[in-house]
Each structure stands twice: as structure tokens, then as C-alpha cells.
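In what follows, a single structure is set out as C-alpha cells and then discussed.
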Amino acid sequence: GMQPTYRGGRQRTQFYSNYTREQNSNGEQASVISSLLQMSPLLLLILMSVLNSIFTEDPAWSYHRNGNYKEERSTSWNSVRYYVKGDFTEKYTNQKILHLEYDIERDYKQDLQIKCKAVVSTQSTGEELFNMFFGGMQPTYRGGRQRTQFYSNYTREQNSNGEQASVISSLLQMSPLLLLILMSVLNSIFTEDPAWSYHRNGNYKEERSTSWNSVRYYVKGDFTEKYTNQKILHLEYDIERDYKQDLQIKCKAVVSTQSTGNTTI
């Protein structure tokens, strides 16, 4: 294993040059491999996300009208409204639809119970509830001293260097209220009038009665043109259900008051 003796300086220079290039090449390969190993979790995550988006099936229904979920339906028991795609009835059998509607009503009831418990457990004033939902809007002060203090603080804010930040903060605090007003306006524009009314008023002048218990209700002149017989039966079912529920509530109120006959149902 003795090193050979190079007689020329040129040969020795060539040997060390080849050795140096080989070391640099090995170092570059190791650096590339190390970089790939460091990036492998990120690449794996991207690959899994792409595969998940390709093979994951969209939900069968949605509580809100959005995207491809534009066709409105109601559950067969408690008429919980939901939205589906155009190929819903082609894709699912009647038995599968009943199972889906059972899940829809179950999830709806669970969500409603959670919200009701949250409202009951807060024991908050109306102002506190408003602040919970709309992000801490400033209360309105009625006292002259408080009003003076408010305008004094407001003047100092206007004269400070943070004027722009204050305006942006105010707009952010008001944004939920502005959004609520916008949604109310859009809802009033695009929401269709009810199909029926318990009372004769406005355009609801044509009197009708339900097919089972002859509950009286009123509709518009184009009612029979707009709704099929099957849809009318569904509407009359809702009419009788709401009528019975309202009657039960009023009867319980009469019993609980123990009135002398002055309570009007």
C-alpha cells in the first residue's frame, strides 16, 4: 500500500485534481439526498391532499343553498329543509333517502339542543348577548356626564396619530351589524312570499280548507296554477301541524293562568 512515486509535477497535480472533483461530486449527491429527505413529509402531505380531493366523495346534502346544492327538499317527518344536487334522486334510492333524512333530522335536533343550552346557560342581559354576537359594540350612554366624557375621548382619538387605526377598528366592530342588515335586505328581495296565510289579508283572499280536518286558510289567486296536487297536500299537512301546535300552546297557557274566562284563544 505504498504511495507511488510521481516523477513529474504535472502528474501529481492531475491526481489531486481528480481526487478533489470526486470528493465534491460525492458531497453534492449527499446534499441532494439530505434535502429530499427533509422535504419528504411535505411532499407526502401534498400527495395525500391531492389523492383525498380526487377520491373523496362530496356530501349528499347541505343545510344551505350553495355551489352545486341548489335543489330544495324537506325531510319526510318534521319538514327540515335541506339542499341537494340535481342528480340526487337518480343517485340514491328511496330507502337511502329515508336514511339520509333521518341523519339530517338527528343532526338538526342535536345542533338545536346545543344552541338552546348555550342561550339558557349564559343568563346574560340583552346588551351582553348583543355584544356576544356582534363583537363588543359600544353601549349608548344617556347621562350628560357620560356623553361629555364620550365626546371628549372621541376628540382626543381624532387628534391622535392613531386616527386611521381607530376608524378601521370601528368598521370591524360594526361589520357584523352591517352584514346582518345586508342579509336582511337581500332576504327581503329574493325571498318568495309564503304560499298561504291563516288570515285574509293583502293578496291572500281565496279561502280554502285542508283535506283532513278542514282547517281554513287563504291563498293567492295563482295558487292552483303554481302548486301541484301533491305539493298542496304537503302544504296542508304543514298547515294542520302548525295549527295543532299553536292550539296546544294556547290551551296550556289558558290552563296555567287559571283565568275566569277572559283569556282569548
Rough spin-label spacing in nm, given labels placed 7 Å along Cα→Cβ, for D58 and S76 = 2.5 nm
query = What nm value, rounded to one decimal, do you get for the distance between Y108 and I249 when each label is placed 7 Å out toward the C-beta?
reply = 1.7 nm
task = Leaving ligands, DNA and RNA out of it, report the carbon-plus-sulfur percent of the accessible area of the stretch 171-236 at a 1.4 Å probe.
result = 57 percent
query = Under 25 Å from the Cα of K96, which lysines turn up, not counting those fewer than eight places away in the same chain?
reply = K70, K85, K109, K231
note = So the carbon and sulfur contribution to the accessible area of the stretch 54-109, 1.4 Å probe, in percent, is 48 percent
ask   = By how many nm would the segment from M48 to L172 lengthen if fully extended, with 0.36 nm per residue of separation less the alpha-carbon distance?
value = 40.9 nm
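The values are calculated or read from the model by the stated rules, or taken from the named source; none is laboratory data. Keep in mind it's a predicted model, so treat the numbers as computed, not measured. Methodologically, a virtual Cβ is constructed for each residue, glycine included, from the backbone with ideal geometry; neighbour enumeration extends over all protein chains shown. The protein model used for the area step is the full one, side chains on, heavy atoms only, and it has no ligands, DNA or RNA in it. Shrake-Rupley method; radii C 1.70, N 1.55, O 1.52, S 1.80 Å.
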